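Comments concern the structure below.
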Amino acid sequence: MPENTTPTRASWWQKLTDWTPQLVLLPTLFAAAIYVVLFSLWTLWISVSQSTLLPNMAYGGFGEYAALWQSKRWTVAYQNLFLFGTLYVLGSLFVGTLLAILIDQRVKFEAMWRTIFLYPLAISFIVTGTVWRWIFHPQTGVEKALNDVGWLSAQFDWITDRDMALYVVVFTGIWHASGFAMALILAGLRSVDGDLVKAAQIDGASMPRIYRRVVLPTIWPIFVAVTVVLLQFAIKTYDLVVALTQGGPGVATTVPAIVVYDLMFERGQIAQGAAAAVMILVGLAIVLIPYVLWTGWRARKEGQNHG
Amino acid sequence: MAEATHEAFDPLATGSRRRQIRAKATVYGLLLFFALLYLSPLFIIVMNTFRPLEEIVREGFISVPGLLSSQYWLEAWSGFCLGGTCEGVSPYFTNTLLMTVPATILSTAFGVVNGYALSKWRFKYDTWVFGLITLGVFLPAQMTLLPWAFVLGKLGLANTIGGLVLVHTVQGVSFTTLFCRNYFVAVPDDLIKAARIDGAGFWRIFRRIILPLSPPILIVCVIWQFTGIWNEFLYGTVLTSGTNQPITSAIVAFSGSGTGQRHYNVEAAAVIFAALPPLFIYLIGGKYFVRGLTSGAVK
């Protein structure tokens, strides 16, 4: 009976159409549930399991976390990350701000300057690290060049010096990331009300002073955002160190992500490697959760102010 | 917008003439200094791809080149040996290309539809769905290495390019969904409402309204995904080995594990091959690259 089937088929079809948005999202939701939730819980479980070279999912307690925090390698890696992260973020913010202010002076060839300062970001950490390793290495790089032009006592061997190697990583990291800071800060500078600057200028303030006192303080949320993103980069830093110093000399430039890889795939201590991975996640959470809460709080406050 | 008000005032054109000149000299001097610092590695490496090995060994990377030859490029592309195979960097370049192109297309395609569904078709718990997908942006790769290795093994994708395509697609969808959702939120809801009253469904609105508005965000996604996946190292190293590795892993294997004679000129050319495609994409789409940064980072 066509009179009967048509409405049911239509309503069935209607239902399917109503659910299209959810159905479309289903594959991604499924993948994200596995990737974000299941994989995280899985690694978390491995970290408290009895796994060594091969996974053994029997519960083994939190011993691997204790062992991790007692190992010299991890504590050094952790301290390295702290020093590297601090200098890397501050350095990138400083250079990025400087470049953004310079470009903001209505300079000629703005597009060219921007392109030059931002291109490192398109290049992989592997390429960046490999290239700077050659430049920093005393046998092939700056020291060699200085010696060859006659300055025989010139010494520049930071990359093979235990005390200085980490600063090579910091420098290279800043070279890679300051263009990113520049791009975001420049966008912020362009959003500052020009009248504000004019008023300060009429008051007789010099340009550096105007930037320090008037312009930069008004775009502080951008600095917070850039800091959070850069801290994230810092915590995840892996490729750059592998290509540049391989964590050495000794453990001088070892960072947590390198320890994770070594434990999991070189030393056959899967559980402890997973514990180290969880600690990286914790580090990210310490940076990101306050930021997300803070942006949410600010958005709500702004909404109240406008409503 | 605000840019216009800012435009009206020229900080370098104020004060006395001498002060103006000094200010200009400082600004351009500093810009030039940093530009040289940023460009010098690129210049040094490109130069050394043309120099004979004994000259590099004798004089280091930073010196005036004498003899120049382009043969090292050829050697880097198809000659040097890595782990017993002597085909240069080309097989790894191909691996990366075969990994990057499908993963970029897939993750962008999913991201556009997801972003549209999440921004224009509100439903119960939609913010939770969005939140879950976005978490993938922040999850460190280390948390997923062991599960991926296991899952790819079960799927028969261990040590294959297909496995890496899957990994990068799943991870990339988080980024593209975030980008597209934030972009489509700005599309007026009235436009969608009017179309729905006219009887247009999900896909027709997508085709007629959303897709024509999408090119800028599509370009952002493609550039972001292409450069990100092309440059990725950790997954490639952990999940593949030997001749199935992407170019980043091959570069590290080639220039890192050097026992015996180093081939700096060939290594330098191989490094350039690894850097060239994302650099090219960046140069032709720089504007969108920056836009991706701002929308991905701040939101």
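Readers should treat all values here as calculations from the given coordinates under stated rules, not as data from a laboratory. Not measured: the values here are computed from a predicted model. Cβ placement follows ideal geometry from the backbone for every residue including glycine, while neighbour counts extend to all protein chains displayed.
Some values worked out for this structure:
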{"read-out": "Per-residue mean of C-beta atoms belonging to partner chains within 10 Å, peptide A:36-44", "value": "6"}
{"read-out": "Residue order, fewest to most beta carbons within 10 Å, for B:ARG207, A:ARG106", "value": "B:ARG207, A:ARG106"}
{"read-out": "Packing-based exposure ordering (other Cβ within 10 Å, fewest first) of A:TYR88, A:TYR78", "value": "A:TYR78, A:TYR88"}
{"read-out": "Residue-averaged beta-carbon neighbours from other chains (10 angstrom radius) around B:281-287", "value": "3"}
{"read-out": "For chain B, cysteines whose Cβ has no other cysteine Cβ within reach (under 4.7 Å)", "value": "B:CYS180, B:CYS221"}
{"read-out": "Over segment A:202-257, volume per residue of the alpha carbon convex hull, in Å³", "value": "113 Å³"}
{"read-out": "FRET efficiency, 1/(1 + (r/R0)^6) with R0 45 Å, evaluated for B:LYS124 and A:GLU302 via beta carbons", "value": "0.95"}
{"read-out": "Rg(Cα) / (2.2 N^0.38 Å) computed for segment B:88-211, rounded to two decimals", "value": "1.29"}
{"read-out": "Karplus-derived HN-Hα couplings along segment B:102-107 (A = 6.51, B = -1.76, C = 1.60, θ = phi - 60°), whole Hz, x at Gly and Pro", "value": "x, 5, 5, 5, 4, 5"}
{"read-out": "Reduced Cα scattering model of segment B:90-293, Debye log10 I(q)/I(0), q = 0.11 Å⁻¹", "value": "-0.60"}
{"read-out": "Estimated inter-spin distance, B:VAL101 and B:LEU276, nm [label 7 Å along Cα→Cβ]", "value": "1.6 nm"}
{"read-out": "Residue of A:MET182, A:MET279, A:MET57 that the Gaussian network model of chain A assigns the largest fluctuation, springs spanning Cα pairs under 10 Å", "value": "A:MET57"}
{"read-out": "Tail fraction, Cα-Cα pairs, segment A:73-305, threshold 32 Å, whole percent", "value": "33 percent"}
{"read-out": "Packing-based order for A:92-103, A:110-121, B:64-75, using average beta carbon neighbours within 10 Å, highest first", "value": "A:92-103, A:110-121, B:64-75"}
{"read-out": "For A:189-197, mean number of other protein chain Cβ atoms within 10 Å", "value": "4"}
{"read-out": "Per-residue ³J(HN,Hα) for segment A:139-153, Karplus 6.51 cos²θ - 1.76 cosθ + 1.60, θ = phi - 60°, Hz, x for Gly and Pro", "value": "6, 10, x, 4, 4, 4, 4, 5, 4, 5, 7, x, 8, 6, 8"}
{"read-out": "Neighbour-count ranking [beta-carbon atoms within 10 angstrom, fewest first] of B:HIS168, A:HIS176", "value": "A:HIS176, B:HIS168"}
{"read-out": "For peptides A:230-237, B:270-277, sequence by mean Cβ density within 10 Å, most packed first", "value": "B:270-277, A:230-237"}
{"read-out": "Rounded to the nearest 20 debye, dipole of the protein assembly as shown from Cβ charges on Lys, Arg, Asp, Glu", "value": "1540 debye"}
{"read-out": "For segment A:114-174: span of alpha carbons on each principal axis (Å, largest first)", "value": "37, 26, 17"}
{"read-out": "Net dipole in debye of segment B:70-203 [+1 Lys, Arg Cβ; -1 Asp, Glu Cβ; about Cα centre; nearest 20]", "value": "500 debye"}
{"read-out": "Top of A:PHE125, A:PHE180, A:PHE30 by mean-square fluctuation, Gaussian network on chain A, Cα under 10 Å", "value": "A:PHE30"}
{"read-out": "Options B:ILE272, B:GLN245, A:ALA200, ranked by Cα towards positive dipole end of the protein assembly as shown, top entry (Cβ charges)", "value": "A:ALA200"}
{"read-out": "Rounded Å value of the spacing that divides the Cα centres of segment B:41-103 and segment A:120-169", "value": "19 Å"}
{"read-out": "R0 of 51 Å, Cβ-Cβ distance B:LEU211-A:ASP193: FRET efficiency to nearest 0.05", "value": "0.90"}
{"read-out": "Charged-residue dipole, Cβ positions (Lys, Arg, Asp, Glu), chain A about Cα centre, Debye nearest 20", "value": "520 debye"}
{"read-out": "Principal axis box of the protein assembly as shown, alpha-carbon based, largest edge first, Å", "value": "99, 71, 50"}
